[in-house]
Structures are given as C-alpha cells and as structure tokens.
Amino acid sequence: MSNHDSYEKGEKGSFVSVLVNGALFIFKIFAGVAGHSNAMVADALDTFGDVMTSGGMIVGFKIAKKPADEEHPYGHGKAESIIAKLLAIFLIALGVKVAYNSVHAMLFIKTYVPGRIALVAAVVSIAVKFGLFRYMNLLGKKISSTSMVVYSWNIATDVFSSLVALIGIAGARLGYTLLDPIAGLILSVFVIRTGAVAFHRAYDELMDAAPSKAVIGGIRAIAMKNRDVKAIKDVKVRKMGLDLMIDMTIDVDKDMTVDKGHHVTDVVRKDILKKVQNAKDVFIHVEPFKK
C-alpha cells in the first residue's frame with residue numbers, strides 16, 4: 001500500500017468516525033439534558049471531543065498527503081502531528097470543563113434522579129464505542145498513523161467512561177443521586193489523561209524522537225544481510241506523518257571503489273524501502289571499515 005493510499009484510508013476512517021460519533025453525541029446530549037444526568041452530559045461532551053478529533057485528523061491527513069515542494073522539501077507529513085497536538089490540548093481543556101461542571105453540581109447539591117433515557121444512552125454508547133474502537137485501532141495500525149492509534153485508545157477509554165456513566169446513572173436512579181456527578185468527575189480524569197498522552201506522543205514526533213527499538217533493529221538487520229556491509233555505525237529515523245525518513249552510516253571495505261560503494265548503498269536503500277513499512281527515503285553515508 002502506498003503512503004498516498006494510506007492517507008486516503010486514514011481520511012475515510014476519520015470520516016466514518018465523525019459520522020458515528022456525531023450521531024452518538026446528538027443522542028447522548030439529548031439523553032443527558034432530558035434525563036437530567038451530569039454523567040451523561042459529561043459523556044456526551046467527551047464524544048463531542050471525538051467528533052472534533054476525527055475532523056481534525058481529516059484535515060491533518062489532507063495536508064499531510066500533499067507532495068513535497070520548494071518550501072517543504074520533506075513534504076507535509078508533520079501536519080498530522082501538529083493536528084494531533086492541537087487536538088490533545090482541546091481534549092485536556094474539555095476534561096477540565098467537565099470536571100468543573102461535576103464539582104459544581106456536587107458542591108451546590110444540584111443533583112437529580114436521571115431519567116431512563118440516560119441509562120439507555122449509556123448502554124448504546126458502550127456497544128457503539130467498542131465497535132468503533134476495534135475499527136479505528138486496526139486501521140491505525142495498518143497505515144501506521146500515530147494520531148489514529150492514539151485516537152482509537154481514546155475511544156477505548158470512552159467504553160470504560162460510558163460504563164462509569166452507566167454505574168453513576170443507575171446508582172442515582174436507585175437513590176444515590178451524588179453518584180451521577182461523581183461519575184462525571186471520574187470521566188473528566190480519563191479525558192484529561194487521554195489528552196496528556198496524545199500531547200506527549202505528538203510532541204515526540206515533532207521533536208523527531210526515535211521510533212521503537214524494534215524498528216531500528218529491523219533496519220540494521222536488513223542492511224547487515226548485505227555481504228558488502230561490514231558494520232553499521234549509526235541509524236537515525238524520524239517520522240513525518242505516516243512516512244519514515246531514515247539516515248544511516250555503513251562501513252564497507254576500505255579498498256572498495258567509489259562506484260562499487262554507490263552500488264552497495266543503492267542495493268541497501270532499495271531493500272530497506274521494500275521491507276520497512278512506510279519507509280519513504282533512506283540517506284546512506286559510506287565510510288571505510290576499520291578493524
């Protein structure tokens with residue numbers, strides 16, 4: 001699958017998420033307001049955050065898939081990470097707002113017995129969110145999208161969030177009315193934590209943090225399979241959206257001709273591009289091997 005196709009799939013997956021979460025948000029906010037449930041309103045706001053996140057990812061994918069130009073010789077791949085960082089900040093702010101509303105309700109005893117519709121909305125949310133999590137997580141891993149994988153785990157926490165909302169609403173309906181805003185406060189913690197994790201990962205990508213040791217090890221292993229490569233001094237990898245940009249230094253026989261050295265680097269480069277998922281380009285520096 002080409003990286004352009006990956007961006008296209010990412011856009012389509014994000015669009016599906018916008019539609020599903022949009023419909024779910026409308027239903028949940030109605031159920032929360034009509035059912036007088038702080039927990040369901042908090043859960044609905046969390047889902048609204050998902051709508052905004054999915055919309056942001058669509059924008060990020062559209063920008064990231066643009067080809068390189070004179071002003072952006074390495075392409076526009078980091079747009080995905082920038083969008084992910086902005087959305088993380090939005091999620092944290094949303095979580096703080098939900099926490100404030102819940103604490104305010106508890107302090108001023110503005111609690112009500114939630115209606116049955118709020119209970120139904122919580123059950124529906126659990127089922128829908130679990131299905132959406134599976135879809136987005138598998139797609140994110142397939143196209144190696146950090147923002148989509150992070151987002152899928154946000155959806156996974158939404159499943160637990162809706163479960164907390166369900167417990168709070170059910171408890172309030174049994175007479176423990178404070179359980180509803182307490183559930184809302186707990187949900188806010190999950191929203192803030194998800195935003196913080198997403199912010200950290202997006203920050204790492206923008207700062208060109210190294211990928212996992214498995215990725216680095218795989219690149220080294222591919223290069224060392226070439227008999228003319230005597231040693232590997234250095235491997236650096238940075239993520240540009242869905243693309244991996246690789247810089248490495250290899251040692252070859254000190255008596256090797258320049259022409260032969262170029263041939264070796266060309267073979268190694270093609271092997272890495274073929275075998276490393278999402279590798280877009282490989283820059284190889286050659287040095288003489290010293291025992």
Original post:
Among the residues of region 14-31, how many are at pLDDT below 90, over 16 Å from Asp158 (Cα atoms) and surrounded by 21 or more Cβ atoms within 10 Å (Cβ to Cβ)?
Top reply: 1
Original post:
What is the one condition in (1) modelled with pLDDT of 80 or more; (2) under 22 Å from the mean Cα position of the chain (by Cα); (3) not small (Gly, Ala, Ser) that Phe160 does not satisfy?
Top reply: (1)
Original post:
If you go through region 90-128 one residue at a time, how many are farther than 29 Å from Val197 by Cα and modelled with pLDDT of 75 or more?
Top reply: 9
Subject >> Residue that is nearest to the chain's Cα centre (by Cα) [pool: residues in region 23-67 that are among the aromatic types (Phe, Trp, Tyr) and farther than 30 Å from Met240 by Cα] >> reply: Phe25
Subject >> Those residues of region 220-237 which are of a type outside the set (Gly, Ala, Ser) and outside any helix (DSSP H, G or I), in sequence order >> reply: Lys225, Asn226, Arg227, Asp228, Val229, Lys230, Ile232, Lys233, Asp234, Val235, Lys236, Val237
Original post:
In region 259-282, which residue that is over 18 Å from Gly217 (Cα atoms) and among the charged types (D, E, K, R) is nearest to the chain's Cα centre (by Cα)?
Top reply: Asp266
Original post:
Filter region 163-200 for residues that are hydroxyl-bearing (Ser, Thr, Tyr) and closer than 24 Å to Asn21 by Cβ; which is modelled with the highest pLDDT?
Top reply: Ser188
**OP:** Kindly check whether there is at least one residue in region 164-171 that is assigned by TED's automatic domain parsing to the domain that holds Ile92 and within 26 Å of the chain's Cα centre (by Cα).
**Re:** yes
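The values are calculated or read from the model by the stated rules, or taken from the named source; none is laboratory data. The model shown is predicted, which means the values in this text are computed figures rather than measured ones. Positions of Cβ are generated from backbone atoms using ideal geometry, with glycine treated the same way; all protein chains shown enter the neighbour counts.
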